[in-house]
Structures are given as structure tokens and as C-alpha cells.
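The values are calculated or read from the model by the stated rules, or taken from the named source; none is laboratory data. Source: prediction; values computed, not measured. Using ideal geometry, Cβ is built from the backbone for each residue, glycine included, and neighbour counts are taken over all protein chains shown.
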Amino acid sequence: MLSFPQLILPKTIGHRGARAYAPENTLAGIRVAADQGARWVEVDVKLSRDGVAILMHDDDVDRTTDGQGAVASMDFAELRKLDAGVRFGPDFAGERIPTLEETLALVFELDLGINLEIKPCPGREVETARVTLEVARAMWPADRPPPLISSFEVPSLETARDVAPDWPRGYLIDRRPDDWSAIADRIAATTININQSREDADTIADYLATGRPVLAYTVNDPVKAQALVALGVSSVFTDRPRDILPVLGD
Ligand code: G3P
Ligand code: MG
């Protein structure tokens, strides 16, 4: 029997905020997710060159901002000058790349739950996990249920296990390695977070057989969301909270 820290999961988690409706990994996106009724959001955390924890999915800023270049080669002051909203649409022009601190302050204000995905630039797996947890633990109210900490990077998850053993961890899997079950045990994973496009009823059953809740990304089709829940999936990450919430609930 495996035992894990208590984790109350929502059925619908806003992916990078509400990515289909607002610029990803921004404060505006988190507000839109909340406005659409999401109770939880997922965001990606990485470090600027000078070690500030910020929200950003890619290793470079080209796709989501008006700038160019690798995040790992830019200090926070440079990153902060970029517009992280205008590429999504003129309504979001002026939106800035948020720090993790600003993100958590907003999440507390809006009373949301959060999944912090540690998304390190290559080579910064341990450091990114350390800083993310340092920032989050320093701010976290004692009476608030903890965040879910997840990563594709096993060294980041090992660091999370060592630094914050009492906070739940999600083992993110894209293509599952042969030793996925041993890894899940080693990092004492609370949940397994899977790529829905690579899994089927049998593989989902494998994950569930470990006794862990299974979360699936990224699910934007309400019919698919229902099918996954029917297979035992607890929660889906969606770019479209507005479309998934009426079907799954919060
Ligand atoms: O955490 C779920 C999902 O966000 C993982 O994939 O690439 O969208 O960060 P990605
Ligand atoms: Mg993510």
C-alpha cells in the first residue's frame, strides 16, 4: 500500500492559465482562468540568468513575447521589459512576464489552487527546483492546502522531494520510460501526469494500479475529457476552462 500526502484535486485545471483565451503564463491569463470558473491553474516556472523564478514555458522568449533570445541568457531586468501579451492579441499588450512571487500573490488573492510545473532551462534542473520551492515555501500560508509540484525532469523532482517532502509531487510523463514505475516510487510521486495523446485505457490502468491519481494534459475537447474521466483520470489540464468546466465540473 502506498501512502501519500493529502491532495484534493479539481477535475479541471487551467493550463498555463487559460491558454486559448489569454496569453499563457501571465497574470492576465490566471485572471481569465478564474473568471471562467477554474479553481486551479497550472504554470511553468523557470529561472532568469540571474536566478529569478518567472513563468515561461519555452527556453527562449521568441514565441510568447516581442523579444528574442534564450531565457537562460537574459537577466530578469531584461526579461521584464518584454511584452508577454501583445503576440496573443492587442487587448493584452503591455502584459509582463510575471515572477513566481507575483503569481502566488495573485493565486492567493483569487483563492485558486496551483500546480507549479518546474520547467528548467537545460542544466538548471536542481537550481530551478530549489528556487521555486524556496520562493513558494517562504510565501505559503500555513492554513492553505499546498501546491502540486510537478516536472518532467527527474532531478527536479528529486530536489523537490528532498526540499519539500511534505508537498505533493506530480511525475510528468511524455513518452513513458521503461522504468517509469521505479521513478515514480523513487521520487515518491503523489500523482502521475500523462500526455493524453500517447496513452490508452491499458496504460492508464497501469498508472492507476500504482494507487496514484492520474492527471492528463492537454485536453481541450469536452468529449475526450469525459472519456478520460471514464477511464479513471482525476483531472485534466485544459487551455479552455470555459469549455471543459460545464462537462467535468470544477
Ligand atoms: O503540466 C502539464 C503540462 O503543462 C505539461 O506540458 O509542455 O504544456 O508544460 P507542457
Ligand atoms: Mg506545463
* Asked: Looking at segment 73-94, which of the residues that are part of a helix (DSSP H, G or I) and hydrophobic (A, V, I, L, M, F, W, C) is nearest to ALA22 (Cα to Cα)?
  -> PHE92
* **Subset of segment 125-143 that is in contact (Cβ under 8 Å) with a residue 60 or more places away in the chain and within 16 Å of ligand 1 (Cβ to nearest atom) - its residue that is nearest to ALA28 (Cα to Cα)** => THR132
* **Every pair of residues 6+ apart whose Cβ atoms lie under 7 Å, when the first sits in segment 164-182 and is more than 23 Å from ASP44 (Cβ to Cβ) while the second is hydroxyl-bearing (Ser, Thr, Tyr) and more than 16 Å from ligand 2 (Cβ to nearest atom)** => SER181/THR210
* Residue, farthest from ligand 2 (Cβ to nearest atom), within segment 134-162, restricted to residues that are of a type in the set (A, V, I, L, M) and out of contact with any strand residue (DSSP E or B) (no Cβ under 7 Å at 6 or more places or on another chain) -> ALA142
* Asked: Does at least one position in segment 40-59 carry a residue that is within 16 Å of ligand 1 (Cβ to nearest atom), more than 30 Å from VAL233 (Cα to Cα) and β-branched (Val, Ile, Thr)?
  -> no
* Structure fact -> Heads up, the helices (runs of 4 or more DSSP H) in segment 144-250 (entirely inside) with at least 1 residues that are within 16 Å of ligand 1 (Cβ to nearest atom), charged (D, E, K, R) and modelled with pLDDT of 95 or more are 222-230
* Out of segment 9-53, which residues are touching a Pro at 6+ places or on another chain (Cβ under 7 Å) and under 18 Å from ASP83 (Cβ atoms)? -> THR26, LEU27, GLY29
* Selection count where residues are within 16 Å of ligand 1 (Cβ to nearest atom) and either aromatic (Phe, Trp, Tyr) or farther than 20 Å from ASP239 by Cα (or both), scope segment 101-123 -> 3
* Residues satisfying the stated conditions in segment 103-129, i.e. more than 26 Å from ASP250 (Cα to Cα), over 16 Å from the mean Cα position of the chain (by Cα) and not aliphatic (A, V, I, L, M) -> PRO122, GLY123, ARG124, GLU127
* Taking the stated definitions as given, is ALA105 surrounded by fewer than 16 Cβ atoms within 10 Å (Cβ to Cβ), at pLDDT 95 or above and within 15 Å of LEU116 (Cα to Cα)? -> yes
